Amino acid sequence: MMEQDEFEAKWEKLTPKQLKVLKLFLQGNTEAQIAKSIEVNNRSSVRHHISNICELFGFQNESGEHLRQRDELIPLFAEYKPQLVSDKLKETCGILSGNRQKVEFYYIERDCERKCYDKILENGALIRIKAPQKMGKTLLVDKILDRASQAGYKTALLSFEEADSEVLGDYRKLLQWLCVTLGDLLELENKLAAHWDDTLGGINPNVTKYLERYLFKDFSQPLVLVLEKVDLVFEQATFNVDFCRLLRAWHDAAKRNDRRGAIWQKIRLIVVHATEVYSSLDINSSPLAGVGFTPPLPDFTVDEVKQLARQYRHNWLSEAEIKQLMVMFGGYPYLVQTAFAYLQTPECCLTKLLEISPTAQSPFINHLRELLGKLEECPELTEVYRELVNKNQPMILKTHQTFKLESMGLLRVKNNDCFPRCDLYRQYFSQCL
């Protein structure tokens, strides 16, 4: 454990910019929110600052482990400068009653990751990473980018979360923002005005021309381009179809044996989005259907939960207790990881965790309340889910109801039978709905 005087000495070495980034991070802000606050155009600058802060305080960032290393800052500052750390972060990391408790989150590499590693090496690859929130999408992207960097590829990550609401609501502004932001990530001068030509007949052709004739023109090595939070674009009913057609056109261009094809074969596209947005969309309209590779992000199996328990040094868990965990949390990666991290705190045992999980004292309460809010936006789904969680037997729902509730991460479907995804959801929502 770092001593107080050592901590203070390192604290004094923080630059003003590092101090601002650190305070924003400790209040639970996302990389995109921090980037906006410190007036930079991309998240890579934020990651660079946080990496340097971690190094200053003795947390070395190993390849692919930056997320775990930055989390080490939270318990450290919770002890020495607790006023800087939000209650939500303390709760998430299992820091209770003012006690410092080191919490680590471990990673289990599965078949879906290995398939992505192979796919990203293919010419013109398109990987669609879609799942409900907290299923590990961001961590999977980080792993793929690490593998791409090892292969000598350039990488660029662009999140639509960084665009403000005025830009998100206007397709022309949004695609121009994409061009300029991507150019900034690639350290290229903004020449959009010189290339944009409204006589081309639309926004999509202009964007494609700008990428082909300028941003991607002189690439000698493959580029892995990640588009994150694409669900924010899907929510825009007036142009989400046009955007999907743009992505499909880029993917199709890579199949051509001409100059254009040679350009797009060097681009490896990763499209990342949460599926909760499907609850408000027409499920019969999917312009991206059949495009690219969509890796499944499955729940943990019993064997994987046992493996994770060993990593957390919870070897004391019996077969019966592992079964209790599986019933309560259903193998949901976020819930299982958070449960194991919470069990590392001195104040908690498995019996207490299972008791408080569906209550207001739950370590999952913010997640549960967020799901409740999204569910209540759709009265039809609310009524159906209320009936489901209050029954002791499965139900067969209408196709669109099954699709939307499963997309929100609330259902487990076996054949045509629908169940609450886990007992935590059954208990919590039966009380709240």
### Query
Just one of the numbered conditions (1) on the phi > 0 side of the Ramachandran plot; (2) under 22 Å from the mean Cα position of the chain (by Cα) is not true of Lys404; which one?
(1)
### Query
So, of the residues in region 46-71 that are surrounded by fewer than 16 Cβ atoms within 10 Å (Cβ to Cβ) and within 22 Å of the chain's Cα centre (by Cα), which turns out to be modelled with the highest pLDDT?
His48
### Query
Do you know which residues across region 182-205 are out of contact with any strand residue (DSSP E or B) (no Cβ under 9 Å at 6 or more places or on another chain) and in a helix (DSSP H, G or I)?
Gly183, Asp184, Leu192, Ala193, Ala194, His195, Asp198, Thr199, Leu200, Ile203, Asn204, Pro205
### Query
When you look at Asn190, is it touching a residue at least 12 places away in the same chain (Cβ under 8 Å) and either buried (at least 17 other Cβ atoms within 10 Å of the Cβ) or in the same structural domain as Asp242 (by TED's automatic domain parsing) (or both), yes or no?
no
### Task
Collect the residues in region 34-60 that are in contact (Cβ under 8 Å) with a residue 24 or more places away in the chain and either in the same structural domain as Lys229 (by TED's automatic domain parsing) or under 26 Å from Val226 (Cβ atoms) (or both), keeping them in residue-number order.
Ala35, Lys36, Asn41, Asn42, Arg43, Ser44, Val46, His49, Ile50, Asn52, Ile53
### Complete set of residues in region 206-238 that are under 14 Å from Arg128 (Cβ atoms) and either part of a helix (DSSP H, G or I) or among the small types (Gly, Ala, Ser) (or both)
Asp231, Val233, Phe234
### Summary
Within region 83-126, restricting to residues that are surrounded by 14 or more Cβ atoms within 10 Å (Cβ to Cβ) and either in contact with a Cys (Cβ under 6 Å, 6 or more places away or on another chain) or among the basic types (Lys, Arg) (or both), the one that is modelled with the lowest pLDDT is Arg100
## Note on the structure
Checking Ala339, Ala262, Ala320 in turn, the sole residue that is under 30 Å from Glu377 (Cβ atoms), of a type outside the set (Phe, Trp, Tyr), modelled with pLDDT of 90 or more and assigned to a helix (DSSP H, G or I) turns out to be Ala339
### Message
I need every pair where a residue in region 406-419 that is in contact (Cβ under 8 Å) with a residue 24 or more places away in the chain and in a strand (DSSP E or B) has its Cβ under 6 Å from the Cβ of a residue that is among the charged types (D, E, K, R) and crowded, with 16+ Cβ neighbours inside 10 Å, sequence separation at least 6 or different chains.
### Response
Arg412/Arg421; Phe419/Arg412
### Task
Among the numbered conditions (1) modelled with pLDDT under 95; (2) over 21 Å from His400 (Cα atoms), tell me where Pro287 comes up short.
(2)
### Query
Mind checking which residues of region 141-170 are surrounded by 19 or more Cβ atoms within 10 Å (Cβ to Cβ) and either outside the structural domain of Phe234 (by TED's automatic domain parsing) or of a type in the set (Phe, Trp, Tyr) (or both)?
Phe160
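The values are calculated or read from the model by the stated rules, or taken from the named source; none is laboratory data. This is a predicted model, so every value here is computed, not measured. Here Cβ is always computed from backbone atoms with ideal geometry, including for glycine, and neighbour counts include all displayed protein chains.
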